[in-house]
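Since every read-out is calculated from the coordinates, none of them should be taken as a lab result. Remember, it's a predicted structure, so these values are computed and weren't measured experimentally. Using ideal geometry, Cβ is built from the backbone for each residue, glycine included, and neighbour counts are taken over all protein chains shown.
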Amino acid sequence: MGLIIRFRSKDGLFRLEGEETTPLGVLLDELVQTKLPPLESSTLMAKTNNFNQIDPKLTLQELGFKNGEMVELQYSKRTGGQSISGKLSENEIPASQNAVTTIKVNQLLIDDELDNDKGLITRPTSSFCRHSGMGMCEYCSPLPPWDAEYHEQNSIKHISFHSQLALLNSETNKGTGSSFIPPLKQSNFKILSPCPSGHEPWPRGICSKCQPSSITLKRQKFRMVDHVEFQRSDIVNNFIDSWRRSGVQRIGLLIGSYDKYEKTPLGIKAKVEAIYEFPQMDWEDGLTLNQWDEEDKVMNLISGFGLSPIGIIFTDLSDAGNGDGSVICKRHADSFFLSSLEIIFATKWQLRFPNVSRFSENGSFSSKFVTCVVSGNTNGEIDISTYQASETAEGLVKANLISPSTHPNQMFINKQDSERYVPDILYQMVNEYGLEVKRDAKPSFPVEYLIVSLTHGFPDVERGMFNNGGWPIENRGYLGEVGDVHLLEKRFKHGFNNGDRQEFVNELGDFHLLLYLQENGVLNSKELQLCQKIVRSSASDSADTTVASELELLLNSAGWRSLSTISKLL
Ligand code: ZN
Ligand code: ZN
């Protein structure tokens, strides 16, 4: 019988199959030739999990290896090989002078749907109406989706992205017959380089053709996402639990999808299905993200569920010391809501996840990525606040024009130097006489010009793709929470022994468990995809018969059989 041997390396986990009579060196050669990056010669070393060196001439049997054995790999990569590119792309597709064609891009389905929706706000007939039942007049005709009065009456702080788009489109493409002009344009505050008039680049030359025009900051009227909906309250609760148990802060990635939000015209909500907790260092007063080696794998798993990263969430909690679980309210109208540092952080995340739009000159416009803060509200309760950085904030960060200041509610404007040209930046405000005036934004300006707030909540009936399975959450070693094969056995024992398929499927539907199964590496990618398919279809309304047949496939797969052997053996 073949044995599956797992190899853990800085480039990921690999699994190979060998016979009991196979020398380990044969598997190592196979790794070098097919899996590992180019190595410096004779730097590869195989070690046990205690980091004792293993003699590669010995066979798997001689080494006493069992199915699923884990081998640690150490090596030096040949220099000049792979380089890891920066995630924050500074490159923008240059805007064409007169873009008149529709850009072919793959928008999200939700955007396609809302593009085809007029979003008209219907009104009942009123006492002013002088017509019969079927008629219509200025008092009862439907309003456009961006109608300001309607939003004010319903306490909706911002119009939706698609309402804004419909408004801009109606203004930009008024007449019929003329060619289509994309109504959206991303902010670009950089010097145009090289300049079309051919002079030397900044700082040796600048002219009206390459100079960015002055910037007037206004509060953004629209938001790309209107509402964040956590599919189950325990998603947030389990996250906050890390603080309750340790007293240190925590940050996670929101995983989910987007859907229509009916409470605002042409609205969009972000549906959170799970929170992935990054590798991080946490303290009472903050945190830092560690290098995220697993990024590609995690992203792969997420997309396998038909989901995507949709935001970040972090805590800023301090116990009020009253012994009743109340927390300090640090963020309020007189302090700040999202600090200048956090706004830059949120903006950089947004730039990593651009919103694809066929109505934009270059195919994308702003982002649907959200930022949630868990902190104390004015009643001393733990509460969530949800924000997005504005499109202008994205432009300012891309052009490297702003930096966080020591005052959380003030954003600092960077100094002009030989690499950076800083245009005039003003902000619009209502002064003490109620007049709209412009103020110079240098050296710093209030951060409220760079954020919009969203609403958040939970569905009436909690029902997500994943259950609250209670599998240890990733990267929580500091709390002593680590998933292992013993836990796996405990979890699946009942389903195995009783042949209770439904229970088995329920147990499987835990995001953190599936991450563990991916990391653990016994299941191959096909088997893992099978798990994902089972979880997806059992969460949807589709017939159970498909789940049943896939479940049989999984339970009879070589990987699952190895997994059950390992979890019972150890
Ligand atoms: Zn009427
Ligand atoms: Zn120029």
> Which semi-axis lengths, in whole Å and largest first, follow from the square roots of five times the eigenvalues of the Cα gyration tensor of the stretch 356-422?
Replying inline: 29, 22, 6
> Rounded to the nearest 0.05, what FRET efficiency is calculated for residue 171 and residue 207 with R0 set to 45 Å and r the Cβ-Cβ distance?
Replying inline: 0.90
>> Just to compare against my own numbers: the Cα pair-distance distribution for the stretch 172-221, 5 Å bins, whole % per bin, please.
In response: 4, 16, 17, 13, 14, 15, 13, 5, 2, 0
> Roughly how many Å is it from the Cα centre of the stretch 23-46 to that of the stretch 377-451, as a whole number?
Replying inline: 52
> Computed over the Cα atoms of the stretch 476-540, what is the convex hull's projected area averaged over all directions, in nm²?
Replying inline: 4.8
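Counting each DSSP H run of 4 or more residues in the chain as -39500 (n - 2.57), what helix-only mean residue ellipticity at 222 nm follows after dividing by all residues, to the nearest 500 deg cm²/dmol?
Per the formula, -8000 deg cm²/dmol.
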>> Among 142, 473, 322, which residue has its Cα furthest toward the positive end of the charge dipole of the chain, with +1 on Lys/Arg Cβ and -1 on Asp/Glu Cβ?
In response: 142
> Taking neighbour counts of Cβ atoms within 10 Å as a proxy for exposure, in what order, fewest first, do 151, 332 appear?
Replying inline: 332, 151
> Hey, could you pull the Cα Rg and Dmax for the stretch 329-376, both in Å?
Replying inline: 14.2, 43
>> Of 363, 379, 393, which is farthest towards the positive pole of the stretch 357-452's charge dipole, taken about the Cα centre with +1 and -1 on the beta-carbons of Lys, Arg and Asp, Glu respectively?
In response: 363
>> Let me check I've understood the local charge: for residue 450, count other residues with C-beta under 12 angstrom from its C-beta, Lys and Arg +1, Asp and Glu -1. What total comes out?
In response: -2
> Under DSSP H, which helices of the chain have Cα atoms covering 27 Å or more of the helix axis and a Kyte-Doolittle average no less than 0.5?
Replying inline: none
> What full-extension length gain, to one decimal in nm, is calculated for residue 155 and residue 59 as 0.36 nm per residue of separation minus the Cα-Cα distance?
Replying inline: 27.4 nm
>> Quick check on the stretch 244-324: take the gyration tensor over C-alpha atoms, sort the square-rooted eigenvalues as a ≥ b ≥ c, and tell me if it's rounded (a/c under 1.5), prolate or oblate.
In response: oblate
>> Quick check on the stretch 111-224: what does the Kirkwood estimate of hydrodynamic radius come out to from the alpha carbon pairs, in Å?
In response: 18.3
> What are the radius of gyration and Dmax of the stretch 216-351, computed over its Cα atoms and given in Å?
Replying inline: 16.5, 48
> Based on Cα positions only, what radius of gyration and what Dmax would you give for the chain, in angstroms?
Replying inline: 28.0, 96
>> Need the full-extension length gain, residue 381 to residue 283, defined as separation in residues times 0.36 nm minus the C-alpha distance. One decimal, nm.
In response: 33.2 nm
> With each pseudo-label sitting 7 Å past Cα toward Cβ, what's the residue 458-residue 568 distance in nm, one decimal?
Replying inline: 3.9
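With viscosity set to 1.002 mPa s and temperature to 20 °C, compute the Stokes-Einstein D of the stretch 277-419, Rh being the Kirkwood radius across alpha carbon pairs; µm²/s, no decimals.
Rounded, D is 123 µm²/s.
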